[in-house]
Amino acid sequence: MSFQPVLPLEGFVGWRFLQRTMPAQTQAHANTPAAQRDEAYVRENIGAIASAQDLVADRRLLRVALTAFGLADDLPNRAYVEKVLESSTTTEGSFVSRLTDKRYMNLAKAFGFGDGPVPRSQAPGFADTLLAKFQSRSFEEAVGQQDDSMRMALAVERDLSDLAAQGSSEATKWYTVLGTPSLRAVFETAFLLPSSFGTLDIDQQVQILKGRTERLVGSETISQFADKTRIETLTRQFFLAGQVQQIQSQSGMSSALVLLQSGQAALNGLLGR
């Protein structure tokens with residue numbers, strides 16, 4: 001039987017429950033027979049992987065690698081993944097550097113097949129690093145099967161903290177937010193931005209997010225999210241805004257149903273029913 005996280009509550013209250021029980025729940029997830037088998041397989045075989053072609057040829061290792069970087073849905077797209085993995089992460093204009101979704105860059109950087117003669121998969125401690133990411137992401141997937149908002153909150157807690165600690169410019173960090181699906185979704189939901197937001201010029205998107213972030217937490221920078229309390233503020237707003245959207249959706253459905261019922265009643269009257 002696959003692991004099922006305990007999520008008895010929804011919304012921000014449910015999120016706080018998940019936070020309190022995370023150590024026990026993640027350990028229970030890591031102790032499942034499936035997780036233990038995956039760990040043993042990775043430790044036994046990852047050191048023999050010397051190229052992108054080697055990795056995509058081993059479906060089990062590829063599944064672990066893609067899951068570790070939030071790309072599990074790409075498992076059938078082996079040719080595309082191989083192209084990503086072979087691409088240089090340091091050459092301007094390379095294939096992977098042109099991709100909007102920065103998860104691919106993170107995957108390529110982790111293995112380093114396109115960056116030098118010796119891949120990072122053969123470095124000491126690589127299996128530990130990969131497995132830690134895999135276990136974290138696979139736990140998120142299990143949570144997301146029950147509550148996708150909880151999954152996104154877990155992702156933003158990790159990814160936003162990591163991004164805040166990077167030495168890149170604030171502009172680069174904001175572009176990374178927009179290029180990371182989970183981060184983008186949390187910010188867009190938290191600020192109740194419409195679906196048309198993504199059609200705006202990217203610099204205009206950044207300016208809007210900066211302004212709303214400053215009003216929410218006091219600064220427009222991504223670096224401020226090195227402070228966990230500010231991530232918590234954003235996460236709380238994300239859950240509250242999500243509840244507002246749900247209420248609006250239900251209200252809209254109710255209004256549509258009332259109009260439909262009224263129209264049907266009027267039609268029945270005209271037909272003498």
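The values are calculated or read from the model by the stated rules, or taken from the named source; none is laboratory data. Keep in mind that this is a model prediction, so the values were computed, not measured. In this analysis, Cβ positions are derived from the backbone assuming ideal geometry, glycine residues included, and neighbour counts consider all displayed protein chains.
Assorted remarks:
- Test: residue in segment 84-96 that is more than 30 Å from residue 174 (Cβ to Cβ), more than 17 Å from the chain's Cα centre (by Cα) and either buried (at least 19 other Cβ atoms within 10 Å of the Cβ) or free of Cβ contacts under 8 Å to residues at least 40 places away in the same chain (or both): no
- The condition (being within 20 Å of residue 140 (Cβ to Cβ) and either buried (at least 16 other Cβ atoms within 10 Å of the Cβ) or assigned by TED's automatic domain parsing to the domain that holds residue 242 (or both)) is satisfied by just one residue among 108, 28: 28.
- Counting only helices (runs of 4 or more DSSP H) that sit wholly inside segment 1-116, those with at least 3 residues that are of a type outside the set (A, V, I, L, M, F, W, C) and under 28 Å from residue 147 (Cα atoms) are 11-30, 33-45, 59-68, 103-111.
- Hits in segment 12-29 (condition: in contact (Cβ under 8 Å) with a residue 12 or more places away in the chain and under 15 Å from residue 156 (Cα atoms)): 12, 15, 18
- Residues that are touching a helix residue (DSSP H, G or I) at 6+ places or on another chain (Cβ under 6 Å) and touching a residue at least 24 places away in the same chain (Cβ under 8 Å), drawn from segment 221-233: 221, 222, 223, 224, 225, 226, 231
- Which listed residue, of 226, 256, is at pLDDT below 95, surrounded by 10 or more Cβ atoms within 10 Å (Cβ to Cβ) and not basic (Lys, Arg): 256
- All conditions but one from (1) at negative phi; (2) touching a residue at least 12 places away in the same chain (Cβ under 8 Å) apply to residue 74; the one that does not is (2).
- On the stretch given as segment 104-132, residues that are of a type in the set (D, E, K, R) and at pLDDT 95 or above total 2.
- Filtered residues of segment 180-206 (kept if surrounded by 14 or more Cβ atoms within 10 Å (Cβ to Cβ), more than 16 Å from residue 152 (Cβ to Cβ) and not β-branched (Val, Ile, Thr)): 197, 205
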